[in-house]
Amino acid sequence: MSFNRRSLLAACAGLPFATSAFASARQVGLGELAARSGRYFGSAVTRDDVSDAGPHIRLFDGECSVWVPSWQMKWGALVPTLGETPDYRNCDTIVASAAKRDKRLRGHALIWHEHLPAGAERLSTAADWRRFVAPHITAVAGRYRDAIFEWDVVNEAIEPYDDGADLMRRSPFYAMLGPDYVAEAFRLAAEAAPSARLYLNDDHLYYAEDWQERRRTGMLRLLDRLVKAKVPIHGLGMQCHLDTRLRFDERIFRRFLGQIEDLGLTLSITELDVTEAPNAGDRSMAQRRLRAAAEAGKVLSVALDSPALAGVVTWGLSDDDSWLRNRGADMADNQGLPYDDAYRPTPLRDALASRFASTRTRHPT
Ligand code: 9MR
C-alpha cells in the first residue's frame with residue numbers, strides 16, 4: 001500500500017513525527033539502548049515502512065538496529081500460486097534499504113502453515129516436499145545468505161490441540177515428512193545460508209495457564225530432540241504476543257528460559273505486542289496504555305535477565321499499523337506498541353527503554 005492511514009496522517013501533520021521522540025536530536029534509539037547490553041532491538045517492517053520516500057523511514061531508522069519483513073518473505077508472498085516463479089522484488093527493496101542504513105535483517109519465515117502459495121495446503125507426500133518445499137527453502141535462504149543474519153526457519157510447529165502425541169501441529173509440512181520436517185528444514189537452511197543463526201519461532205509460551213504449559217512441554221521436547229540429533233539450530237524465537245487477560249507467573253517463565261539455556265540455545269523476543277482491548281472496561285486510554293506497558297515490562301524484566309536473550313523485536317512500531325486491530329470490532333483500539341497513531345512514544349516505549357537501560361550485560365552463547 002502506498003497510501004494508507006499513516007501516510008495520510010503524516011501528510012496532514014506536515015511535519016512527520018514532529019511530536020515523536022525523534023523530534024529531539026538527543027533521543028537515544030531503542031536499538032542503541034539495546035546494543036549497550038550486546039542485544040538488538042527491531043521491528044517488523046513492510047516495504048513501505050522502509051522506503052526512502054515514505055513518511056516512516058525516520059522512525060524505523062532511528063529506533064531499530066534490526067528489521068524483520070512482516071510478511072513479504074513468506075512463501076505465499078513470494079509465490080502466490082504453487083509452481084509460479086518467485087517474485088523477489090519487494091524483498092530485494094527491503095534488503096537494499098537495510099544495507100543502506102546498516103540494519104541487520106531477521107528473515108521471517110521459511111516454513112509456516114499460513115500465507116502459503118495457493119495449492120500448497122494440499123501437499124502431502126515426501127515427493128511434494130522434494131519438488132516444492134526443499135527448493136523453496138534453498139532458493140530463499142540462498143538468495144539472502146549474506147543479507148540475513150537470523151532466520152525463523154520454522155514458525156509455529158507446536159499445537160497440542162491437534163492431539164498428536166508429539167504435541168506438534170498437523171500442517172501440510174507434517175503430512176509430507178512427519179515430525180522430521182523440522183530437522184530437514186533446518187539442514188536445508190544451514191546448507192544454503194551457512195552463517196545465518198537459525199531459529200524455531202512460536203507463541204504462547206509465557207503464561208501460567210495449563211494450555212501454555214502444554215505448549216512449553218511440546219516445545220522443550222522438540223528442541224531436545226533437535227539438539228540431541230545435532231540439527232543446526234541456534235535459537236528459540238518467542239513471539240510474545242502478550243495478553244493482559246492471562247496470568248503471568250515469573251517463576252514459571254524463568255524456569256522455561258532456564259530450560260532453553262540448558263539446551264545451549266539462544267533466545268529472542270520476536271513479535272512483541274500487547275492485547276488489552278477486549279477487557280478494557282471503562283479505563284481511560286492513558287490507563288490502558290500504562291497497563292499494556294506494565295504487561296510488557298513484566299515479561300521483559302524476566303527475559304532480559306537471561307544471558308541467552310539476543311534481542312527484542314516488536315511487531316510494528318505504531319498502533320495504527322498493528323495486526324491486533326484487524327481481529328474484530330472489540331479489538332479495534334488496541335494500544336500495544338511503542339508508538340501511538342500519531343507517532344508519539346507510548347509508555348510501552350518507556351518500558352522497553354528502561355528495561356534495556358537496567359539489564360545485565362549479555363554474554364552471547
Ligand atoms: O502481521 C502479519 C500480517 O501483516 C500478515 O498479513 C500475516 C500473514 O502473512 O502475518 C502477520 O504476522 C504473523 C506472523 O507472521 C506470525 N505470528 C503471528 C503474526 C500475526 O498474525
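Every read-out reported here was derived from the displayed coordinates using simple, explicitly stated rules and does not represent laboratory data. If you're wondering where the values come from, they're calculated on a predicted model, not measured in any experiment. With ideal geometry, Cβ positions are generated from the backbone for all residues, glycine too; neighbour counts draw on all protein chains shown.
Here are some notes:
- Mean separation of Cα contacts under 8 Å, 6 or more apart, over the residue count of the chain: relative contact order %: 17
- Reciprocal of mean inverse Cα separation for segment 209-365 (Kirkwood radius, Å): 16.5
- Over the C-alpha atoms of the chain, the Rg to Rh ratio, Rh being the Kirkwood estimate, stands at 0.95.
- Extreme residue, positive dipole direction of the chain, given options L337, A126, Y199 (C-beta unit charges): Y199
- Percent antiparallel among DSSP beta bridges (both partners in the chain, rounded to 5): 5
- Mean projected area of the convex hull spanned by the Cα atoms of segment 270-323, taken over all viewing directions: 4.2 nm².
- Counting only lysines at least 8 places from K228 when in the same chain, those with an alpha carbon closer than 30 Å to its own are K74.
- For segment 28-95: span of alpha carbons on each principal axis (Å, largest first): 46, 27, 13
- Legend: ranking of residues Y181, Y199 from fewest to most surrounding C-beta atoms inside 10 Å; resulting order Y181, Y199.
- Placing a label point 7 Å from the Cα of D92 along the Cα-to-Cβ line, the residues of segment 138-170 whose backbone N sits under 19 Å from it are 138-148.
- Spread of Cα-to-Cα distances over 10 Å intervals beginning at zero, given as percent, for segment 123-268: 11, 40, 35, 13, 1
- Sorting 251-261, 343-353 by average packing, meaning the other beta carbons within 10 Å per residue, from highest down gives 343-353, 251-261.
- More than 17 Å apart - percent of Cα-Cα pairs taken over segment 288-365: 48
- Cα-centre dipole for the chain with unit charges at Cβ (Lys and Arg positive, Asp and Glu negative), debye to 20: 840
- Cα-projected label distance for K228 with Q287, points at 7 Å along beta-carbon direction, nm: 5.1
- Using equal-weight Cα scatterers in the Debye expression, the normalised intensity of segment 56-149 in log10 at q = 0.15, 0.17, 0.20, 0.22 Å⁻¹ is -0.60, -0.74, -0.94, -1.09.
- Helix-only CD estimate at 222 nm, as mean residue ellipticity for the chain, using -39500 (n - 2.57) per DSSP H run (n ≥ 4): -10500 deg cm²/dmol
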